[in-house]
Amino acid sequence: KPPVHVLFPIGSRGGVTRDILKAAKDESFFTELANRFCSNCSLPSVGTHCRNCGGLTPLRNLCIICRDEIGDDGNNKQCYRCGKEGKTYSPISYPLQVVLEKAHQKLDIKATEPLKGVKALMSKDRAAEPLEKGILRQKYSLYVFKDGTIRFDATNEPLTHFKPQWVMVSIEKLRELGYNRDYLGIELTSTDQLVELLMQDVIIPLDAAKHLLNVAKFIDEELVKLYGFEPFYNASSLEDLIGHLIVGLAPHTSVGIIGRIIGFTDSQVCLASPIWHSAKRRD
C-alpha cells in the first residue's frame with residue numbers, strides 16, 4: 001500500500017494518486033533517476049539501451065559538484081578535481097510526455113487515469129521501470145511490489161493428503177503430474193481416492209489462480225511487445241496454470257521456494273506440505 005502500477009518517480013506532480021498521466025501534462029518535468037544517458041542522442045534512459053537509437057546507456061558515477069564521471073578502479077572513487085564522491089543518480093529533466101506517448105504507440109494500448117507511479121525511488125541507483133510495464137499492469141489490474149515483483153498474499157495451511165475431487169482437477173491431469181497411485185499403492189482411477197501430496201506441490205486459492213492468470217497474460221504480452229520474444233504461458237483459463245511453477249515467499253526472508261500448482265481450493269489459504277511451508281520461513 002498504496003497500490004503502484006510502475007516503479008517510476010514523479011514526485012508531487014501526479015497529485016495524491018501519483019498519476020503519471022497527470023504529471024505528463026506538464027511539459028517541464030524533473031525527477032531523480034539513474035545516470036544513464038545516450039551519447040548519440042543526448043537523451044536520458046531508464047534502461048540499458050537508448051529507446052531512440054538502441055545504443056548502450058551504461059550507468060555512470062558522476063561527481064555531485066562538477067558532474068565529471070568518476071571511474072571505479074577500487075582505489076579512487078572521488079572526483080579528481082574537487083575530491084567529492086560521486087553518485088549514480090541525479091535530478092534531471094525527463095521528457096515524460098514524449099516517452100509516455102511512445103509507450104502508448106509501442107503497446108498499441110492507451111493508459112487511463114490514474115496510471116500510478118511512486119513519489120521517489122529508494123534503491124541504490126534509483127533504477128526506474130519503463131512506463132510500458134505500468135501500462136500493461138494497469139490493463140490486467142495488477143500492481144507491483146517495491147522490489148519489482150507481483151505478489152499474492154495467502155495464509156499457510158498444511159496438507160499431507162488430498163482427494164482429486166477436492167482440488168478441481170481431473171484424474172487424467174493428475175496422472176500427467178505423476179499421481180498414479182493413492183496412499184495405499186492402488187492405481188489412481190477414482191476422484192474419491194486419498195492421495196499423498198508431493199512435497200513441493202501446492203493447491204492455491206481460486207482468487208490466487210485468477211490473479212496468476214492475469215500475471216501470466218501480462219508476462220506474455222510484455223515478452224512479445226516490450227522484449228520481442230515469444231509468449232511463454234499462452235494461458236487462457238485457470239486450468240492452463242496446472243503444472244506451472246510458482247515461488248513461495250515468507251515476508252521476513254529473502255529465499256524463494258519453488259512450488260508446482262496442481263489444483264485449486266475455494267478457501268483463502270495456500271495448501272501445501274508442512275515441509276514446504278516451513279522451508280519458506282527459513283533462510
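The values are calculated or read from the model by the stated rules, or taken from the named source; none is laboratory data. As the structure is a computational prediction, the values presented were derived from the model and not from experiment. Positions of Cβ are generated from backbone atoms using ideal geometry, with glycine treated the same way; all protein chains shown enter the neighbour counts. Side chains included, ligands, DNA and RNA excluded: accessible areas come from the protein's heavy atoms. Shrake-Rupley method; radii C 1.70, N 1.55, O 1.52, S 1.80 Å.
Every residue, every condition in (1) in contact with a Ser or Thr (Cβ under 9 Å, 6 or more places away or on another chain); (2) open to solvent by less than 30 Å² (accessible area, probe 1.4 Å), yes or no:
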residue: LYS1; (1), (2): no, no
residue: SER28; (1), (2): yes, no
residue: THR57; (1), (2): yes, yes
residue: GLY86; (1), (2): no, yes
residue: THR112; (1), (2): no, no
- Note on the structure: Taking region 59-84 and the residues there that are assigned to a strand (DSSP E or B) and open to solvent by less than 80 Å² (accessible area, probe 1.4 Å), the one that is farthest from GLU221 (Cα to Cα) would be CYS63
- Note on the structure: Scanning region 152-175 for residues that are closer than 21 Å to THR191 by Cα and polar (S, T, N, Q) gives THR160, GLN165, SER170
- Query: When you go through LEU249, LEU238 one by one, which is the residue that is modelled with pLDDT under 95 and over 17 Å from ASP108 (Cβ atoms)?
  - Reply: LEU249
- Filter result (open to solvent by less than 40 Å² (accessible area, probe 1.4 Å) and either assigned to a loop (DSSP other than H, G, I, E, B) or at pLDDT below 95 (or both)) within region 127-137: ALA128, GLU129, PRO130
- List the number of the failed condition for VAL247; all other conditions in (1) touching a residue at least 24 places away in the same chain (Cβ under 8 Å); (2) part of a strand (DSSP E or B) hold. (1)
- Those residues that are open to solvent by 40 Å² or more (accessible area, probe 1.4 Å) and under 22 Å from the mean Cα position of the chain (by Cα), I need them from region 258-282; list them, please. ILE258, ARG260, ARG281
- For region 181-194, what are the residues that are part of a loop (DSSP other than H, G, I, E, B), of a type outside the set (A, V, I, L, M) and either in contact with a Phe, Trp or Tyr (Cβ under 9 Å, 6 or more places away or on another chain) or loosely packed, with under 15 Cβ neighbours inside 10 Å (or both)? TYR183, GLY185, THR189, SER190, THR191, ASP192, GLN193
- Query: Which of the residues belonging to region 242-257 are open to solvent by 80 Å² or more (accessible area, probe 1.4 Å) and either touching a helix residue (DSSP H, G or I) at 6+ places or on another chain (Cβ under 9 Å) or under 20 Å from LEU206 (Cα atoms) (or both)?
  - Reply: LEU245, VAL247
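Tell me, yes or no, whether region 154-175 has at least one residue that is under 20 Å from the mean Cα position of the chain (by Cα) and either not β-branched (Val, Ile, Thr) or not in a loop (DSSP other than H, G, I, E, B) (or both). First the steps, then the outcome.
Let us first name the residues in region 154-175 that are under 20 Å from the mean Cα position of the chain (by Cα), namely 154.
Still in the running and either not β-branched (Val, Ile, Thr) or not in a loop (DSSP other than H, G, I, E, B) (or both): 154.
Within region 154-175, one or more residues are under 20 Å from the mean Cα position of the chain (by Cα) and either not β-branched (Val, Ile, Thr) or not in a loop (DSSP other than H, G, I, E, B) (or both).
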- Task: Search region 41-62 for residues that are free of Cβ contacts under 8 Å to residues at least 24 places away in the same chain and more than 16 Å from THR31 (Cβ to Cβ) and pair each with any residue that is open to solvent by 60 Å² or more (accessible area, probe 1.4 Å) and of a type in the set (Ser, Thr, Tyr) when their beta-carbon atoms are under 9 Å apart and the residues are at least 6 apart or on different chains.
- Result: CYS50/SER39; GLY55/SER39; LEU56/SER39; LEU56/THR48; THR57/SER39; THR57/THR48; PRO58/THR48
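Would you call MET168 open to solvent by 50 Å² or more (accessible area, probe 1.4 Å), farther than 24 Å from LYS1 by Cβ and among the hydrophobic types (A, V, I, L, M, F, W, C)?
yes
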- With the first residue restricted to region 162-175 and required to be touching a residue at least 24 places away in the same chain (Cβ under 8 Å), and the second required to be of a type in the set (S, T, N, Q) and assigned to a strand (DSSP E or B), Cβ contacts under 9 Å at 6 or more apart or on different chains are TRP166/THR265; VAL167/THR265; MET168/THR265
